[in-house]
Each structure stands twice: as C-alpha cells, then as structure tokens.
Amino acid sequence: QVHLVESGGGLVQAGGSLRLSCVASGTLFSVNTMGWYRQAPGKQRELVAVVNSGGNPNYDDSVKGRFTISRDNAKRTVYLQMNSLKPEDTAVYYCRYTDRLREYWGQGTQVTVSS
C-alpha cells in the first residue's frame, strides 16, 4: 500500500508561482514513476508532469517552460514548481504513484489562478 499526501495548493494571481509537494508513505518499489495530473471542472483528468525514479521528466506541452517537476527519493517526495501561472491552470492537482504492479492517487490539492 502507498499513501500520497499533497500540499502547496492555493489561490494566486496570474503570473504568480506555487510549489506543490507530494509525500509518499508505505512500501515503494525502487523502480517507479511519480507525477502530477490535474482536473478542471467539467474536464477530464490530464497529465501535467511525471518523473521516474531515474529522474527523467516528461511534461505536457501546455506547461513546458513554466513548470518543473523534481523528486527527492530519500524524502519520498515529488515537487511541482509552477511559475508564470495562468487562469487556465486552475484545477485540482493530483499526485500519482505507479510501479510495475500498482497505481495510487492522492486526494488532490486545489490550485486557483485569478486573472
């Protein structure tokens, strides 16, 4: 079992920054992928950015150049630094953990960007 707890969401003006954190607890496999997805009202959940245990990131085109994903394996934590935020980034952001056998999601943290 893996438990994920997100933090760092909030309300920010357009152009501002936020940093999300996701701490994992439980039994993690050494080879895994952690990342962030988001879901805006009335829309499907979508990929934002993921990073594997080797540190290789992958971003959605909509956030490239603005968001940076990183992880600290010793702290079992994945981060999402979000800069130059836009109103269209408003969504609930979810942390996801996957390995070759399992998938887990966090409960989500709200990010609201005002214009």
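List of remarks:
- Spin-label pair Lys75-Leu11: with each label point 7 Å from Cα along the Cα-Cβ axis, the two points sit 2.8 nm from one another.
- Among Pro41, Pro57, Pro87, the largest mean-square fluctuation in a Gaussian network model of the chain, built with springs joining Cα atoms closer than 10 Å, belongs to Pro41.
- As a length-normalised measure over Cα pairs under 8 Å and 6 or more apart, the relative contact order of the chain settles at 36 percent.
- 12 Å cut-off, amide nitrogen to a point 7 angstrom out along Arg45 Cα→Cβ, residues in segment 80-108: 92-98, 103-108
- Accessible solvent surface per residue of the chain, calculated while the other protein chains remain in place, 1.4 angstrom probe, Å²: 54 Å²
- The length gained on full extension between Trp105 and Thr27, counted as 0.36 nm times the residue separation minus their Cα-Cα distance, comes to 26.6 nm.
- Within a Gaussian network of the chain (alpha carbon springs, distance under 10 Å), most fluctuating of Tyr93, Tyr79, Tyr104: Tyr104
- Area of Ser30 that stays accessible when all protein chains are in place (1.4 Å probe, Å², to 10): 100 Å²
- Put a plus charge on the Cβ of each Lys and Arg, a minus charge on the Cβ of each Asp and Glu, and nothing anywhere else: the dipole of the chain about its Cα centre is then about 140 debye.
- Here the Gaussian network model covers the chain, with springs between Cα atoms less than 10 Å apart; of Val31, Val51, Val78, Val31 fluctuates the most.
The values are calculated or read from the model by the stated rules, or taken from the named source; none is laboratory data. Here the structure is a predicted model, which means the values were calculated and not measured. We place every Cβ from the backbone using ideal geometry, glycine too, and count neighbours over all the protein chains shown. Protein only, heavy atoms only, side chains kept; ligands, DNA and RNA dropped before computing areas. Shrake-Rupley method; radii C 1.70, N 1.55, O 1.52, S 1.80 Å.
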